[in-house]
Amino acid sequence: MNAIKPKITAIYGSPRRKGNTAELLQHAVKGAREEGGLVEEIVLRDLKMSPCLEIYGCLKSGRCAIKDDFQTVYDTLLASEGVMLASPIFFYTVSAHTKILMDRCQSLWVKKYWVEKIPAGQREVKRRGLFISVGATKGKKLFDGALLTVRYFFDVLDMDLWKSLLYRQLDFEYDIHKYPQYLTEAHKTGKEFVGALGTLPKRGEPSGAVAENLFPQGNL
Ligand SMILES: Cc1cc2nc3c(=O)[nH]c(=O)nc-3n(C[C@H](O)[C@H](O)[C@H](O)COP(=O)(O)O)c2cc1C
């Protein structure tokens, strides 16, 4: 058991409540709690969350101007040391539920780079992220699009992508039961995640480490 109790947000991004990513994330959550992680679970399909309306109401303070369930999710994310995000692959990227959350975090991008004027590339790693995903097919590039999107989203949250669990050839509900080893791996990874969060700088202290600039302007 880890001495510190890091706060972790677990985000269920599938429209299926008992789908493959949901079961994987539940196992990771269980593992994290066994190690002392304080996990808050967020099921995106249960929330009332508008897509980003591109009105840039966030320009005033960096806070999104749309008053809906995103407001509490935003606070929860920023209060966490770790985020475990689970999304199926839909059209080679994350689900629409997940993408809506990501787009609403544009307010955070605005806060950092336009309101607080932090120079691009000067960011500290304050959080760590775990990404869990599955897709139906077996293509080599199945997760490429989602990984690019997730890394950019995590970057906005001052997170590094600590690890991803990516599983191919899972389609129907309960397909994951054919691969108990994946669930075991998710459980173990949830435990290890708590340990990895223990190596972050303490809240309020500068990390001293400036992360690599993942997305230098226009390089992708
Ligand atoms: C709208 C939609 C788009 C999908 N797009 C892809 C895709 O691009 N590639 C793929 O391999 N599977 C695709 N799938 C299959 C899902 O990734 C697969 O069913 C997965 O197991 C769902 O995970 P879940 O049970 O956690 O929701 C798609 C499914 C849906 C409903």
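Checking Y152 against (1) assigned to a helix (DSSP H, G or I); (2) within 16 Å of the ligand (Cβ to nearest atom); (3) farther than 23 Å from E41 by Cβ, which test does it fail?
The number of the failed condition is (2).
Does G57 satisfy the criteria of being touching a helix residue (DSSP H, G or I) at 6+ places or on another chain (Cβ under 7 Å) and more than 11 Å from the ligand (Cβ to nearest atom)?
Numbers: touching a helix residue (DSSP H, G or I) at 6+ places or on another chain (Cβ under 7 Å): no; more than 11 Å from the ligand (Cβ to nearest atom): yes.
Answer is no for this residue.
Restricting to segment 158-173, count the residues that are part of a loop (DSSP other than H, G, I, E, B) and surrounded by fewer than 20 Cβ atoms within 10 Å (Cβ to Cβ). Explain how you work it out, then say what you get.
We begin by selecting, within segment 158-173, every residue part of a loop (DSSP other than H, G, I, E, B); these are 158, 168-173.
Subset that is surrounded by fewer than 20 Cβ atoms within 10 Å (Cβ to Cβ): 158, 168-169, 171-173.
Matching residues across segment 158-173 total 6.
For residues that are in a helix (DSSP H, G or I) and in contact with a helix residue (DSSP H, G or I) (Cβ under 7 Å, 6 or more places away or on another chain), scanning just segment 41-54, find the one that is nearest to K5 (Cα to Cα).
L44
Given V125, V156, V134, which one is of a type outside the set (S, T, N, Q), more than 26 Å from A65 (Cα to Cα) and touching a Phe, Trp or Tyr at 6+ places or on another chain (Cβ under 9 Å)?
V134
Let me spell it out: the conditions are (1) surrounded by 17 or more Cβ atoms within 10 Å (Cβ to Cβ); (2) under 19 Å from L161 (Cα atoms), and A79 meets all of them except one. Which number is the exception?
(1)
From the residues in segment 63-121 that are of a type in the set (G, A, S) and more than 16 Å from the ligand (Cβ to nearest atom), which one is modelled with the lowest pLDDT?
Ranking the candidates gives G121 first.
Please find, within segment 1-40, the residue that is farthest from T149 (Cα to Cα) out of those that are within 16 Å of the ligand (Cβ to nearest atom), part of a loop (DSSP other than H, G, I, E, B) and not basic (K, R).
Going through segment 1-40, the residues within 16 Å of the ligand (Cβ to nearest atom) turn out to be 10-29.
Filter once more, so that each one left must be part of a loop (DSSP other than H, G, I, E, B): 13-19.
Pick out the ones that are also not basic (K, R) and you get 13-15, 19.
On the way: G13: 14, S14: 16, P15: 19, G19: 22 Å.
Filtering segment 1-40 for residues that are within 16 Å of the ligand (Cβ to nearest atom), part of a loop (DSSP other than H, G, I, E, B) and not basic (K, R), the one farthest from T149 (Cα to Cα) comes out as G19.
Is one or more of the residues making up segment 183-198 at pLDDT 95 or above, among the β-branched types (V, I, T) and in a loop (DSSP other than H, G, I, E, B)? Before the answer, list the steps.
Step one: filter segment 183-198 for residues at pLDDT 95 or above, giving 183-197.
Filter once more, keeping what is among the β-branched types (V, I, T): 184, 189, 194.
When the remaining residues are screened for being in a loop (DSSP other than H, G, I, E, B), the result is none.
Scanning segment 183-198 turns up no residue that is at pLDDT 95 or above, among the β-branched types (V, I, T) and in a loop (DSSP other than H, G, I, E, B).
The values are calculated or read from the model by the stated rules, or taken from the named source; none is laboratory data. What you see is a predicted model, and the numbers here were worked out from it, not measured in a lab. Note that each Cβ is placed from the backbone with ideal geometry, even for glycine, and that neighbours are counted across all protein chains shown.
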